[in-house]
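The values are calculated or read from the model by the stated rules, or taken from the named source; none is laboratory data. As the structure is a computational prediction, the values presented were derived from the model and not from experiment. Here Cβ is always computed from backbone atoms with ideal geometry, including for glycine, and neighbour counts include all displayed protein chains.
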Amino acid sequence: MANVLLTFPEGKHKVLTMSYDDGRTADKRLVSLFNKHGIKGTFHLNSGLAGHHDRIPLEEVREVYRGHEISAHTVTHPTLTRCVKEQIVGEIIEDRKALESITGYPVRGFSYPNGSFNRQIKDILPYLGIEYARTVLSHGDFRMPDDFMEWNPTCHHNRNLLELTETFKQLNRRQHLYMMYVWGHSYEFDQDNNWELIENFCASVSHREDIWYATNMEIVDYMKGYQDLRFSASMDLVYNPSYHSIWLEVHGTAVEAKGGCHTKLV
C-alpha cells in the first residue's frame, strides 16, 4: 500500500498567512508591503464603520485589498458574548452582505471582534455562511488547527515575531506540516512607531521555495479539498472532485492530484 501524505501546493510543507483587523487606513501601507514581498493577507472589516474614524471607505475596499482576502468582522464591532442571538446573526449577515456587494465574491471568513466568542457563537457561524473564525489566543507554535471555528494564531506581531520567524524558517522535518499565522492591527505600527518590525519580517520570510504564501480562506479551502479526495481501496489511485489541485507526497515524491481527474499514485 502506498504511503500517501498531504502536502501544500508543489509539495511544500510550510505555509505563512497574515490576518489583520478593522480596516484602518494603515492597511494601505501594509498591503503595499505584502505585495512587494509576495505575502498574502486576510483583512477582517467592519462594514458599518468603514469611512469613519480613519477607516477605509467601502468604495475603496476592493482596490485596496486586491489580491488578498476580505473577511467579515461584524458590522459595528460589538463584544459578541454580550449580544443576543438576533444581534449576532444580524451583525454577521449584514456585514457579509455589505462586503460582498463590494468584493464580488462570497465572504466566508471571520474574526471575533474583541476576541470574544463562546460555544453558542461557534455553533451559529456555519449557519451564517462562515467557514472559519480567528481568535486572539496565540499559542506560539506552528501547528495546523483542528477546529477552524476556533482558529488560534501563532502570534501577534508584537510578540516575538522575528524570533518565531527564524524558528519557522529552520523547520525542516518533512513528516510534519507547519503553519505560521500572524495577526494584529496595522494602526499599531503607527502607534508603536515600529513599522521596521513588519518590514524586517517581510524581507526575512519572503520568496522562499519551501513556504506557501496563502490567505486564511485559501488554507481552509485547500484542507477541505484534501478531505474530499476519493482514494481507491489499495491506495494506488485518487480522484479529486474539486476544481483546484491538491498535492500529495507518495513515498517521498510530490504528486499533483488535479481537479476533476483520476491520478495514479504508484
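Summary table
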{"quantity": "Among (1) outside the structural domain of Thr135 (by TED's automatic domain parsing); (2) modelled with pLDDT of 95 or more; (3) more than 14 Å from Lys12 (Cβ to Cβ), the one test that Ser234 misses", "calculated": "(2)"}
{"quantity": "Enumeration of residues in region 96-105 that are in contact with a Lys or Arg (Cβ under 8 Å, 6 or more places away or on another chain) and either polar (S, T, N, Q) or surrounded by fewer than 18 Cβ atoms within 10 Å (Cβ to Cβ) (or both)", "calculated": "Thr103, Gly104"}
{"quantity": "Single match in Arg134, Arg108, Arg119 (criterion: of a type outside the set (A, V, I, L, M, F, W, C), more than 30 Å from Gln191 (Cβ to Cβ), surrounded by 14 or more Cβ atoms within 10 Å (Cβ to Cβ) and modelled with pLDDT of 95 or more)", "calculated": "Arg108"}
{"quantity": "Among residues of region 237-257, those that are part of a loop (DSSP other than H, G, I, E, B) and either touching a helix residue (DSSP H, G or I) at 6+ places or on another chain (Cβ under 8 Å) or in the same structural domain as Trp151 (by TED's automatic domain parsing) (or both), counted", "calculated": "3"}
{"quantity": "Count of region 153-173 residues which are touching a strand residue (DSSP E or B) at 6+ places or on another chain (Cβ under 8 Å), in a loop (DSSP other than H, G, I, E, B) and surrounded by 14 or more Cβ atoms within 10 Å (Cβ to Cβ)", "calculated": "4"}
{"quantity": "Tabulated pairs, region 52-67, first surrounded by 15 or more Cβ atoms within 10 Å (Cβ to Cβ), second of a type in the set (Asp, Glu), C-beta under 8 angstrom, 6+ apart or interchain", "calculated": "Arg55/Asp22; Ile56/Asp27; Val64/Asp27; Tyr65/Asp27"}
{"quantity": "Hits in region 174-201 (condition: of a type outside the set (Phe, Trp, Tyr) and crowded, with 20+ Cβ neighbours inside 10 Å)", "calculated": "Met179, Met180, Val182, Gly184, Ser186, Ile198"}
{"quantity": "Single residue of region 79-89 satisfying the filter (crowded, with 16+ Cβ neighbours inside 10 Å and under 24 Å from the mean Cα position of the chain (by Cα)) that is nearest to Thr135 (Cα to Cα)", "calculated": "Leu80"}
{"quantity": "Qualifying residue in region 106-120 (condition: aliphatic (A, V, I, L, M) and out of contact with any Leu (no Cβ under 7 Å at 6 or more places or on another chain))", "calculated": "no"}
{"quantity": "Checking Ser234 against (1) assigned to a helix (DSSP H, G or I); (2) exposed (fewer than 14 other Cβ atoms within 10 Å of the Cβ), the condition it does not meet", "calculated": "(1)"}
{"quantity": "For His207: the one exception among (1) part of a loop (DSSP other than H, G, I, E, B); (2) without any contact (Cβ under 8 Å) to a residue 40 or more places away in the chain", "calculated": "(2)"}
